[in-house]
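I have placed the structure first, in the form of structure tokens, so that the comments after it can refer back to it.
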Amino acid sequence: MNDLENFPSVAIVILNYNGAHYLQQFLPAVLASTYPNKRIIVADNASTDQSITVLQNNFPQVEVLINQQNDGFAGGYNWALQQIKSTYYILLNSDVAVTPRWVEPIITLMESDNTIAACQPKLLSYHTSNKFEYAGACGGWMDALGYPFARGRVFDYMETDSGQYNNTMPIFWASGAALFIKSSVFHTLNGFTASFFAHQEEIELCWRIQLSGYKIYVCPQSVVYHVGAGTLQKGGRKIYLNFRNNLMMLVMHLPPNEKYWKLLLRFFLDALSAWKSLLNGDIAFFIAVAKAHGYILTHLNSVIVEKQTKKPLKSLQGVYSGSIIWQYFLKRKKTFAEIVEKKRS
């Protein structure tokens, strides 16, 4: 079992920005991962803290790549992965606590089916370990209007994990907090869209992966624990990127017969949310949404790609044909099972 030729090569790549404390806390568990044919690489995104010193002094066995500028999640990983040869990449956030055998189940699954290009483990909350974590929970989904949600997390409601989503299954998107991806597919599709910088870039990449004929999976037999919001804290910048990037995806990938009416409806729903926040005194939220809409309107022609997709959103895996806005806010359904699985049964 120690013959490395029996195990595909895996590069665990941690993109770091001012996360010295997370590296000290979580790298030992990554190093203790039992998968034999692995490399562990920290790609530093121009940190200004003691990250490099911590790595050099405490973790000499970890490979280090140093970027001269902060290119965000999307650009940073594009830059780093161009320099790394491996059959599989694992894109791992610096604020994730892994379990010893977290790699094996997913690599076994992906090796069993060549059409699986990306996969994620079950993500639980580091601080409340029986709760699902926001950034992916137990597999990412998308509703008909392009709102992302997950098995175990709808908007800000996190379910308690009681094993209800322990089945391995296709999903729409895999979390960027712990993203397993075939290197060949990543490079063939030219990686992340760098202009996204951070937030939802993994969803956009997974959309392209599905459009290319591959599948995305969740493998709950692998479990990790995510702190969350470890690099880009909550605030206007985070809200802006979330709204802007989500709308950019719709412009890029919805077929023409869906694109324009869905964008109009999304602008209306986003505006409702922004005005509600303004009336509640949250000026930063209102400004962020307005800026996101302004960006889309002024960049509409440059965002639309020449080769329009003809695949309707509902034809892809992990798509809920209804509206989670309607189900969550008006029908008061909070869980994935209430919204998706009851409709299918």
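Would you pick out the residues in region 1-42 that are within 19 Å of THR87 (Cβ to Cβ), touching a residue at least 40 places away in the same chain (Cβ under 8 Å) and in contact with a Leu (Cβ under 9 Å, 6 or more places away or on another chain)?
ALA11, ILE12, VAL13, ILE14, VAL30, ILE41
Working only within region 85-97, note down all residues that are surrounded by fewer than 22 Cβ atoms within 10 Å (Cβ to Cβ) and part of a strand (DSSP E or B).
If the condition is that a residue be surrounded by fewer than 22 Cβ atoms within 10 Å (Cβ to Cβ) and part of a strand (DSSP E or B), then ALA97 is the only one that fits.
Kindly indicate whether PHE243 is of a type in the set (A, V, I, L, M, F, W, C), in a helix (DSSP H, G or I) and out of contact with any Leu (no Cβ under 8 Å at 6 or more places or on another chain).
Judged against the criteria, PHE243 is a match.
So if I check each of LEU265, LEU313, which one is farther than 30 Å from ILE12 by Cα, surrounded by 16 or more Cβ atoms within 10 Å (Cβ to Cβ) and modelled with pLDDT of 95 or more?
Of LEU265, LEU313, the one residue that is farther than 30 Å from ILE12 by Cα, surrounded by 16 or more Cβ atoms within 10 Å (Cβ to Cβ) and modelled with pLDDT of 95 or more is LEU313.
When only residues in region 50-69 that are over 19 Å from LEU81 (Cβ atoms) and either modelled with pLDDT under 95 or β-branched (Val, Ile, Thr) (or both) count, which is surrounded by the most Cβ atoms within 10 Å (Cβ to Cβ)?
Only one residue tops the list, namely VAL54.
Which of the residues spanning region 163-181 are part of a loop (DSSP other than H, G, I, E, B) and surrounded by fewer than 21 Cβ atoms within 10 Å (Cβ to Cβ)?
Hits for region 163-181 are GLY163, GLN164, ASN166, ASN167, THR168.
Please go through region 1-22 and give me each residue that is part of a loop (DSSP other than H, G, I, E, B) and surrounded by fewer than 24 Cβ atoms within 10 Å (Cβ to Cβ), ordered by number.
Matches in region 1-22: MET1, ASN2, ASP3, PHE7, PRO8, SER9, TYR17, ASN18.
The rows are residues; the columns are (1) surrounded by fewer than 17 Cβ atoms within 10 Å (Cβ to Cβ); (2) assigned to a helix (DSSP H, G or I); (3) out of contact with any Pro (no Cβ under 6 Å at 6 or more places or on another chain).
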| position | (1), (2), (3) |
| --- | --- |
| GLN24 | yes, yes, yes |
| ALA29 | yes, yes, yes |
| THR48 | yes, no, yes |
| ALA74 | no, yes, yes |
| GLN83 | yes, no, yes |
| CYS119 | no, no, yes |
| LEU124 | no, no, yes |
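For residues that are assigned to a strand (DSSP E or B) and either aromatic (Phe, Trp, Tyr) or surrounded by 23 or more Cβ atoms within 10 Å (Cβ to Cβ) (or both), tally how many sit in region 31-42.
Total satisfying the criteria: 1.
The values are calculated or read from the model by the stated rules, or taken from the named source; none is laboratory data. Since the structure is predicted, the reported quantities are computational estimates derived from the model, not experimental observations. Quick reminder, even Gly has a Cβ in these numbers, built from the backbone with ideal geometry, and neighbours come from all protein chains shown.
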